[in-house]
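Scroll down for the structure; my scribbles are underneath it.
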Amino acid sequence: TIKECDWSSDVCSSDLNHDGAVTGIIEAYIPPSEGAVSLGFAIPAATVVDVVKQLIATGKVQHSFLGVATTAVTPELQRRLDLDRDSGAAVVRVTEGGPADRAGLRQGDVIIQLGSTKVTSPETLLLALRRTRPGQRVPVTYIRDGKERVAQVTLSDRPTG
């Protein structure tokens with residue numbers, strides 16, 4: 001089997017791909033007996049490896065924080081924002097006083113690059129953030145009102161709580 005899980009107790013320690021490599025660590029699982037269709041949530045394996053390395057090296061974990069909530073660029077969103085592209089991370093909320101807010105980003109902007117990484121989705125934005133460290137200053141390329149713009153953003157450590 002692809003994964004060894006005790007579904008009767010809702011315990012499964014990891015997700016494996018077809019080669020047997022760990023792809024994620026199960027955080028939560030909602031079984032069919034609870035009305036879900038085997039709904040599970042996992043932490044990506046790369047995130048777990050990064051966290052473990054930081055814990056071993058320093059005893060603490062830092063995650064770069066941009067201060068935005070994003071969504072995928074859907075055809076409807078593409079029409080509403082009059083975008084000429086169907087990819088990127090559309091900003092739906094900006095954390096007041098956060099790095100993106102201080103740099104001038106706002107709701108409705110579509111992030112298309114962070115540093116040297118092209119952003120094609122909210123997931124690639126998170127991957128790009130994982131490759132940075134708090135305190136790092138990075139250019140963020142985004143679309144606003146049909147125009148490409150660049151803001152210099154100094155990332156912070158993700159707030160706790």
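Amide H neighbours of residue 93 under 5 Å, at least 5 residues apart or on other chains, H built in the peptide plane: list them.
69
With θ set to phi - 60°, apply the Karplus curve 6.51 cos²θ - 1.76 cosθ + 1.60 along the stretch 112-119 and write out the HN-Hα couplings as whole Hz, x wherever there is a Gly or Pro.
Coupling constants for the stretch 112-119: 10, 7, 10, x, 9, 9, 5, 9 Hz.
Which of the three applies to the stretch 80-161, rounded, prolate or oblate, going by the alpha-carbon gyration tensor with a ≥ b ≥ c and a/c under 1.5 meaning rounded? Don't skip to the end; give the middle numbers.
On the way: a/c = 1.73, a/b = 1.44, b/c = 1.20.
Verdict is prolate for the stretch 80-161.
How far, in nm, would the chain grow between residue 154 and residue 76 when pulled straight, counting 0.36 nm per residue and subtracting the alpha carbon separation?
The residue 154-residue 76 span can extend by a further 24.9 nm.
So what J values fall out for the stretch 104-109 if you push phi through Karplus, 6.51 cos²θ - 1.76 cosθ + 1.60 with θ = phi - 60°, rounded to Hz, Gly and Pro as x?
Per-residue couplings from phi come out as x, 6, 8, 3, x, 5 Hz.
What residues qualify as long-range amide H neighbours of residue 156, i.e. H under 5 Å apart, gap of 5 or more or another chain, H built at 1.01 Å from N?
So residue 156 has HN proximity to 65, 135.
Output wanted: per-residue J couplings in Hz (rounded whole) for the stretch 82-87, from phi through Karplus 6.51 cos²θ - 1.76 cosθ + 1.60, θ = phi - 60°, x for Gly and Pro.
Along the stretch 82-87, the couplings run 6, 8, 9, 9, 10, 9 Hz.
Any read-out appearing in this document is the output of simple, stated calculations on the displayed coordinates, not a laboratory observation. Because the structure is a prediction, the values reported are computed rather than measured.
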